[in-house]
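All of the numbers you see were taken from the coordinates with simple rules; none came from a lab. The structure presented is a predicted model; accordingly, all values stated were derived computationally and were not measured. Cβ placement follows ideal geometry from the backbone for every residue including glycine, while neighbour counts extend to all protein chains displayed.
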Amino acid sequence: MTQLLRVQNFNVSSDGIGAGEDQTLERPFGHVDPERLFGWAGATASWPMRTEPGGSRGLDDHLTRDYARNIGAEIMGRNKFGPQRGPWRDHQWRGWWGDEPPFRTPVFVMTHHERPSFTLSDTTFHFVDADPATVLERARAAAGGKDVRLGGGAGTIREFLDADLVDTMHVVVSPVKLGSGIRLWESPDELLDRFHLDVVPSPSGVTHHLFWRK
């Protein structure tokens with residue numbers, strides 16, 4: 001069975017920006033308020049960090065549940081893992097997510113500065129200095145026959161798109177303009193030479209962009 005490389009529930013602004021500038025420990029998304037991009041998911045009944053009953057149903061909820069379907073490994077860029085740049089000053093930093101990361105699979109962090117792998121709960125983080133094709137090969141080997149999720153950020157997704165390795169993408173466009181930051185695209189039309197595209201508006205105000213290879 002074919003193992004797909006999937007982008008799931010990746011969020012951008014109406015001008016294509018997926019994260020802000022000047023990321024810090026206190027501001028994982030830089031100058032961008034994450035609620036402006038991710039509020040649609042947090043409002044759903046299936047949001048995994050929901051602590052109270054309720055939440056919306058329908059399309060947004062279905063796609064929130066779909067995030068983990070048939071995923072056996074994740075690939076992410078170093079900036080998604082943490083705010084440090086350059087050589088690791090120490091190995092105490094173990095990600096934004098605490099002792100129970102939400103991935104529940106092997107995670108391959110792309111970085112020019114490798115460090116030893118470690119496991120938290122049912123998630124093992126590996127740090128890999130390699131090109132996208134090599135990282136994907138390792139992730140597929142670890143995924144147990146399931147698909148691999150490309151988690152971001154925007155720059156990492158662009159690397160895999162440029163290498164023509166992405167099979168499907170679900171990108172959520174929020175109705176906010178950010179002006180500056182890390183951009184996924186100028187327009188989704190840039191990808192139409194390689195992908196089919198369905199654009200589905202949601203009552204929450206976001207628009208779901210569903211891409212699959214031609």
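What's the center-to-center distance, using Cα atoms, between the range 37-69 and the range 126-164 in Å?
That distance is 25 Å.
Non-local amide H neighbours of F195 (under 5 Å, H modeled in plane, Pro and chain starts lacking H): which ones?
Under 5 Å from the amide H of F195 lie the amide H atoms of K214, each far enough along the sequence or on another chain.
Which value in Å does the Kirkwood hydrodynamic radius of the range 60-123 take, with 1/r averaged over all unlike C-alpha pairs and then inverted?
For the range 60-123, the Kirkwood estimate is 13.2 Å.
Return the calculated 222 nm mean residue ellipticity for the chain, to the nearest 500 deg cm²/dmol, obtained by summing -39500 (n - 2.57) across DSSP H runs with n ≥ 4 and dividing by the residue count.
-5000 deg cm²/dmol
Starting from the amide H of A19, placed 1.01 Å from N in the peptide plane, find each other amide H under 5 Å away whose residue is 5 or more places distant or on another chain.
I182
On a full-extension model of 0.36 nm per residue, what is the gain between L120 and A43, subtracting their alpha-carbon distance, rounded to one decimal in nm?
Using 0.36 nm per residue and subtracting the Cα-Cα distance, I get 25.0 nm.
Using a Gaussian network model of the chain with C-alpha springs under 10 Å, which one of A41, A139, A163 is most mobile by mean-square fluctuation?
A163
What translational D, rounded to a whole number of µm²/s, comes out for the chain from Stokes-Einstein when the hydrodynamic radius is the Kirkwood one over Cα pairs, at 37 °C and 0.692 mPa s?
185 µm²/s
What residue among G16, G153, G144 shows peak mean-square fluctuation when the chain is described by a Gaussian network model with Cα springs under 10 Å?
G144
Please list, in order, the residues from the range 1-27 whose amide nitrogen is less than 11 Å from a point placed 7 Å along the Cα→Cβ vector of K177.
Correct set: 14-15.
Could you state the principal axis extents of the C-alpha atoms in the range 81-181, from the largest down, to the nearest angstrom?
For the range 81-181, the Cα extents along the three principal axes come out at 37, 34, 25 Å.
Take every DSSP beta bridge whose two residues both sit in the range 54-134, then give the antiparallel share in percent to the nearest 5.
Counting DSSP beta bridges with both partners in the range 54-134, the antiparallel share is about 25 percent.
Using Cα pairs closer than 8 Å and at least 6 residues apart in sequence, work out the relative contact order for the chain, in percent.
Relative contact order of the chain: 31 percent.
Please rank V148, V173, V128, V199, fewest neighbouring Cβ atoms within 10 Å first, as an exposure proxy.
Going from sparsest to densest Cβ surroundings: V199, V128, V173, V148.
Take the Cβ-Cβ distance between L197 and D99 as r, set R0 to 30 Å, and report the resulting FRET efficiency rounded to the nearest 0.05.
0.15
Would you mind ranking I157, I71 so that the residue whose beta carbon has the fewest other beta carbons within 10 Å leads the list?
Final ranking by Cβ density, sparse to dense: I71, I157.
Tally Lys/Arg at +1 and Asp/Glu at -1 over every other residue whose Cβ is under 11 Å from the Cβ of P48; what's the total?
Charge balance in the 11 Å sphere: +2.
Looking only at the chain, where both bridge partners belong to it, what percent of the DSSP beta bridges are antiparallel (to the nearest 5)?
Antiparallel bridges: around 45 percent, rounded to the nearest 5.
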